[in-house]
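The block underneath contains the structure these notes are about, expressed in C-alpha cells.
The values are calculated or read from the model by the stated rules, or taken from the named source; none is laboratory data. The structure displayed is predicted, hence computed values, not measured ones. Methodologically, a virtual Cβ is constructed for each residue, glycine included, from the backbone with ideal geometry; neighbour enumeration extends over all protein chains shown.
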Amino acid sequence: MKADALRGHLDPMILAVVEHEPLHGYAIMEALLERSGGALDLPTGTLYPALRRLERAGYLASEWSTVGGRKRRTYQLTLAGQKMLANGKSEWDAFRAVVEGVLRPRGAPS
C-alpha cells in the first residue's frame, strides 16, 4: 500500500488497534499487519514517531513494563483517544461514501 494512501488515516488505525487492550509497539505493528491482511507492513520509522505524537496529543498513554526480562513501553487509549477514534471512524465512513459514489455510481455498470 502506498504511504500517501495512509496519510490522515494512520492515527485512527493505530488507536483502533489499542482500543480494547494495551499493546507495546511491536504488537501494534503486528496487529496492523494482521488486520490489514498484510497490506500495512509499517516500518518502525513510521510507527514509533506516530505513537509518540499520539501520546503527546493525549490520545495514548504509555507505561514501561518488563516482560521476559525486556523493558517494553505499552500504549493504551485515553478518553480523548476514544473520542478521536470515534471521530476518525465517522470521517472514514463519510470519506468512503464519497469515494464509492464517485468510483461506483448507482445505476452505472460495474
**OP:** Please state which one of 44, 78, 74 is touching a Pro at 6+ places or on another chain (Cβ under 7 Å) and not aromatic (Phe, Trp, Tyr).
**Re:** 74
Original post:
Which members of the stretch 58-85 meet the condition of being farther than 13 Å from residue 11 by Cβ and among the small types (Gly, Ala, Ser)?
Top reply: 61, 62, 65, 68, 69
Original post:
Within the stretch 48-86, restricting attention to residues that are farther than 17 Å from residue 25 by Cα and in contact (Cβ under 8 Å) with a residue 40 or more places away in the chain, which residue is surrounded by the fewest Cβ atoms within 10 Å (Cβ to Cβ)?
Top reply: 82
Original post:
Do we have residue 33 as of a type outside the set (Val, Ile, Thr), under 23 Å from residue 92 (Cα atoms) and touching a helix residue (DSSP H, G or I) at 6+ places or on another chain (Cβ under 6 Å) here?
Top reply: no
**OP:** Starting from the stretch 10-22, keep only residues that are on the phi > 0 side of the Ramachandran plot, then list their pairs with residues that are of a type in the set (Phe, Trp, Tyr) and in a loop (DSSP other than H, G, I, E, B) whose Cβ atoms are within a distance under 9 Å, requiring at least 6 positions of separation or different chains.
**Re:** none
Original post:
If residue 9 passes every condition in (1) touching a Lys or Arg at 6+ places or on another chain (Cβ under 8 Å); (2) modelled with pLDDT under 95 but one, which one does it miss?
Top reply: (1)
